[in-house]
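A short write-up of the structure that comes next.
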Amino acid sequence: MKLATLKHGGRDGTLVVVNRALTHCRAVPAIARTLQAALDAWDICEPQLQQVYEALNRDASPGAEVFDPRKCHSPLPRAYQWADGSAYVNHVELVRRARHAELPPEFWTDPLMYQGGSDSFVGPFDAIYALTEEWGIDLEAEVAVITGDVKMGAGSDQCAPAIRLLMLANDVSLRNLIPAELAKGFGFLQSKPATAFSPIAITPDELGADWHDGRVHRPLTVHINGQMFGRPDAGSDMVFNFPQLIAHVAKTREIEAGSIIGSGTVSNKQGGLHGSSIATGGVGYCCLAEVRMYETIETGKPQTPFLIFGDTVRIEMLDRDGKSIFGAIEQQVQCPSPDNAGTNN
C-alpha cells in the first residue's frame, strides 16, 4: 500500500491513498483525515485503506484524482518523534579516519543515534533553506521507517512487527556548524535543519523480496544538478537493521505510533580513487561529506565543495522494473527572502 499527504487540509494535511503507478490518488476522510490518525488506529484503518488501494490499482475507485507529488507534504508533516541512527558504520569510520581518530569497537555493536527536530518537516519538493553557504550545506540520503506503538524494553524481534511504513529522507546537515556543537558534548541542534521525506510512504510488503532482514535491498539514487552522484545499495553494509534501531530507542522509553526512525546516510564500502565515485566506476555517495572524507584521506584536503544556492538535489529509489517506489525528493538550495521568510508550509 502507498500513502501520501497533500498540503491542503490544515497543518497536518490530507491523507490520500496512491496507486502503485503513482498516477492517481484518493482522499479517505471517512477512514482517516491524516496519516497520524490512521497510525493511531492502524488495526482498524489499515484493512480499509488496503481496500481503497486495491480499487485504485484496478482503476475502479470513485473519487480518484490525478496524483501530483509536488502538492505533497512529507507523509507526516510533523511527528511525535524523529530519531536518526547511523546504521552504516562505514560512514562513521570514514569521518573518524579523516581526522586521524580510531573507531571505538563498540560502534559495531551499539548504534549511534540522535534525536532530531520533528515539529516541522518540509515537503519533498520544498526548498533547502540556509542563511549562508558558509554553513557547509550537505544532503544526507537515507531510508526511514514509521512505527506503531512499541513497549519500553522491546527486543528487535518485537520491534519488527511495529514497522508500519517505509519512506526516504533527506536529513540535511550544515557541516561547518557541527564541530562546535559536538564539542559542547550535547549533540546536534542548529546544524540539523528541517528534514524532507519522500512524497510516498509504503507498507513493507510493497518491496516484495527486496525487504528482508529488516533492511531495504535496493539502490538509493542521488543526483546533484542533474548528474548522478550516488547509487549505493541500502541493504548492503547496513550494520544495524531497522528492528535493532527501534529497539535501541525503546531501551528506556515507550515509542508512540507515528515515530520516525532513520537509517542514517546510506553508505557502501568502496576502494580506489575517492571511494569510488560514479565517474571512476564506483557506487558513489549519499552525502558530500563522504567524498570529501575520501579526498582528505587520499590527498590531504577535500576538493568537492558543499552545496551552494541554486543547486538541486534529487533522491529516489527504483524497483526492479525501473519504476519509482517512493516518488522523488527534489529540492533546491535557497537563501530565504523577506517574502518567503524561510517557510515551506
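The values are calculated or read from the model by the stated rules, or taken from the named source; none is laboratory data. Note that the structure is a prediction, hence the values are computed from the model and not measured. In this analysis, Cβ positions are derived from the backbone assuming ideal geometry, glycine residues included, and neighbour counts consider all displayed protein chains. All accessible areas refer to the heavy atoms of the entire protein, side chains included, with ligands and DNA or RNA removed. Shrake-Rupley method; radii C 1.70, N 1.55, O 1.52, S 1.80 Å.
Output the residue which, of all residues in segment 295-309 that are touching a residue at least 60 places away in the same chain (Cβ under 8 Å) and not in a strand (DSSP E or B), is nearest to Thr221 (Cα to Cα).
Taking the candidates together, the pick is Phe306.
To keep it simple, each residue is scored yes or no on (1) at pLDDT 95 or above; (2) farther than 19 Å from Leu165 by Cβ.
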| site | (1), (2) |
| --- | --- |
| Thr221 | yes, yes |
| Gly235 | yes, no |
| Ala250 | yes, no |
| Gly258 | yes, no |
| Ile261 | yes, no |
| Lys269 | no, yes |
| Gly275 | no, yes |
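Could you figure out which of (1) farther than 30 Å from Gly153 by Cα; (2) out of contact with any strand residue (DSSP E or B) (no Cβ under 6 Å at 6 or more places or on another chain) isn't true of Arg231?
Just one mismatch for Arg231, condition (2).
Show the residue pairs meeting these rules: Cβ distance below 8 Å; 6+ apart or different chains; first residue within segment 310-333 and touching a residue at least 24 places away in the same chain (Cβ under 8 Å); second residue among the hydroxyl-bearing types (Ser, Thr, Tyr) and surrounded by fewer than 19 Cβ atoms within 10 Å (Cβ to Cβ).
If the second residue must be among the hydroxyl-bearing types (Ser, Thr, Tyr) and surrounded by fewer than 19 Cβ atoms within 10 Å (Cβ to Cβ), the pairs left are Glu316/Ser324; Met317/Ser324; Leu318/Ser324; Glu330/Thr312; Gln331/Thr312; Gln332/Thr312; Val333/Thr312.
Which condition number in (1) touching a Lys or Arg at 6+ places or on another chain (Cβ under 9 Å); (2) at pLDDT below 95 is the one that Val17 fails?
(2)
Of all residues in segment 53-88, how many are touching a residue at least 40 places away in the same chain (Cβ under 8 Å) and under 30 Å from Ile128 (Cβ atoms)?
23
Kindly indicate whether Ile200 is under 22 Å from Met1 (Cα atoms) and in contact with a strand residue (DSSP E or B) (Cβ under 8 Å, 6 or more places away or on another chain).
Judged against the criteria, Ile200 is a match.
Can you find a residue in segment 31-42 that is open to solvent by 50 Å² or more (accessible area, probe 1.4 Å), at pLDDT 95 or above and within 26 Å of Phe125 (Cβ to Cβ)?
Within segment 31-42 (the criterion being open to solvent by 50 Å² or more (accessible area, probe 1.4 Å), at pLDDT 95 or above and within 26 Å of Phe125 (Cβ to Cβ)), the answer is yes, since at least one residue qualifies.
Taking segment 269-294, which residues are touching a residue at least 40 places away in the same chain (Cβ under 8 Å), assigned to a loop (DSSP other than H, G, I, E, B) and out of contact with any helix residue (DSSP H, G or I) (no Cβ under 7 Å at 6 or more places or on another chain)?
Val283, Cys286, Cys287
Could you please let me know if Pro105 is out of contact with any helix residue (DSSP H, G or I) (no Cβ under 6 Å at 6 or more places or on another chain) and either more than 22 Å from Leu189 (Cα to Cα) or open to solvent by 30 Å² or more (accessible area, probe 1.4 Å) (or both)?
yes
Counting only residues that are among the acidic types (Asp, Glu) and either touching a Gly at 6+ places or on another chain (Cβ under 6 Å) or open to solvent by less than 10 Å² (accessible area, probe 1.4 Å) (or both), how many does segment 45-90 have?
Of the residues in segment 45-90, 1 are among the acidic types (Asp, Glu) and either touching a Gly at 6+ places or on another chain (Cβ under 6 Å) or open to solvent by less than 10 Å² (accessible area, probe 1.4 Å) (or both).
Which residue is nearest to Met317 (Cα to Cα), if the candidates are limited to segment 205-250 and must be open to solvent by less than 30 Å² (accessible area, probe 1.4 Å) and in a strand (DSSP E or B)?
That would be Thr221.
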